[in-house]
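Note sheet for the following structure.
The values are calculated or read from the model by the stated rules, or taken from the named source; none is laboratory data. Note that the coordinates shown come from a computational prediction; the quantities given were computed from them, not determined experimentally. Cβ sites come from the backbone with ideal geometry, for glycine too, and all protein chains shown count toward neighbours. Side chains are part of the model used for accessible areas, which takes the heavy atoms of the whole protein and leaves out ligands, DNA and RNA. Shrake-Rupley method; radii C 1.70, N 1.55, O 1.52, S 1.80 Å.
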Amino acid sequence: RPSVSLTSPVKSGPALKHAKSRAPTGRCLFIFALKGLERRRITGVRPRDWYEGGAGRNDVRRRDVAVPSSPYVAKRRRSMSTAAIVAVVGVASYRPPARGRHDRRPTPSGLARGGPIGRMRASVDATRTTSAADAADTSAADANAVPALAVFDLDACLWTQEMFQLREVVDRSQPVMGPLEGGAGVVGARSGNSVISLHPGALAALRRYHAGEYPGMRIAVASSADTPLAVSIGRSALAFLEVVPGVTVRDVLAVGWPEGFEGNLQIGRTAPLSSNKAATHFPILRRATGIPFDRMLFFDDCNWGDHCGAVAAGCQESDSGLGPVTVRTPRGLQPSVWDAGIDQYRIRREALVPKP
């Protein structure tokens, strides 16, 4: 068939659209087939035939060097000729699938929902859901001047280890037992030769929350664990470490949420998550829980990046212009740091409430 001209004045509308979608693809495939066949013609000889022709093992093949002939070479060339004919016929007879007027164009990988631009758009859309109809009821937390959502990073903040440095899921057959309030419980989870344990402030915060000291508050996790294995290790530790005897960290995280709800557990960096918590973790928490950014309190060690600064600046409510209160924990969550974070949130909240 004659080649399709992209500038032909005869074609217009659907015909021109069809030509534009077909011509570049056909040309590229045809050139690719010819280049590949030329390369195979030059180098498509068995090394044994080449060596039997008298050349050494370290000799470099050149285009101007005669290649010794053999039945294998002749057979290879006949096969390549057949392949060339098939390739040309296939390219000439290719027809793109018919597209209706209302069919959507294929989405480039970067713009897809799982691509980087798609994740960015999803996070931007999530930050715009600030209407009162979408917001959760935070009246109980507001009345007690506590955050409606306390968010914890995991590695080097909630607990002692970095999950990317570990290689095994927690071994439930070898718990590290120790004293907890109310008796002995699981205070350490073994992953290979390492032991994962909660920082003192994290253990105290979870215990006090479980005891009901912060009415109206709920808790969540935002961790950018590097790999799926790190995510699995982290989840296994949450389900094994205990806050009080018989009550795991995962049990405490589930308090106040519907049964089976996991929207408060944003762990990892696999799409739709990423290494940027301000772009993915917190917008997803905002959308999943309905709790506004300015009703959140966030703890992060920030040893590998300033997540606190990024979240405070990039996750703000449109009506108040405020984001989460953020607290850095470079040495892990200690009891004094937890209390300071609660006080910091209370001071800001009271400053926003008009005095009678």
key: Odd one out for Arg250, checked against (1) touching a Phe, Trp or Tyr at 6+ places or on another chain (Cβ under 8 Å); (2) assigned to a helix (DSSP H, G or I)   = (1)
task = Could you list, in sequence order, all residues of segment 205-216 that are in contact with a strand residue (DSSP E or B) (Cβ under 9 Å, 6 or more places away or on another chain) and surrounded by fewer than 23 Cβ atoms within 10 Å (Cβ to Cβ)?
result = Arg207, Tyr209, His210, Ala211, Tyr214
query = open to solvent by 10 Å² or more (accessible area, probe 1.4 Å) and either part of a helix (DSSP H, G or I) or in contact with a strand residue (DSSP E or B) (Cβ under 8 Å, 6 or more places away or on another chain) (or both): does that describe Gln316?
reply = no
ask   = Can you name the residue in segment 243-267 that is under 23 Å from the mean Cα position of the chain (by Cα) and open to solvent by less than 30 Å² (accessible area, probe 1.4 Å) and, of all such residues, is farthest from Ala220 (Cα to Cα)?
value = Ile267
note = Checked pairs for segment 212-226, first under 20 Å from Ala237 (Cα atoms) and in a loop (DSSP other than H, G, I, E, B), second open to solvent by 10 Å² or more (accessible area, probe 1.4 Å) and not hydroxyl-bearing (Ser, Thr, Tyr), C-beta under 6 Å and 6 or more apart or across chains, list as Ser224/Arg269; Ala225/Val231; Ala225/Ile267; Asp226/Phe164
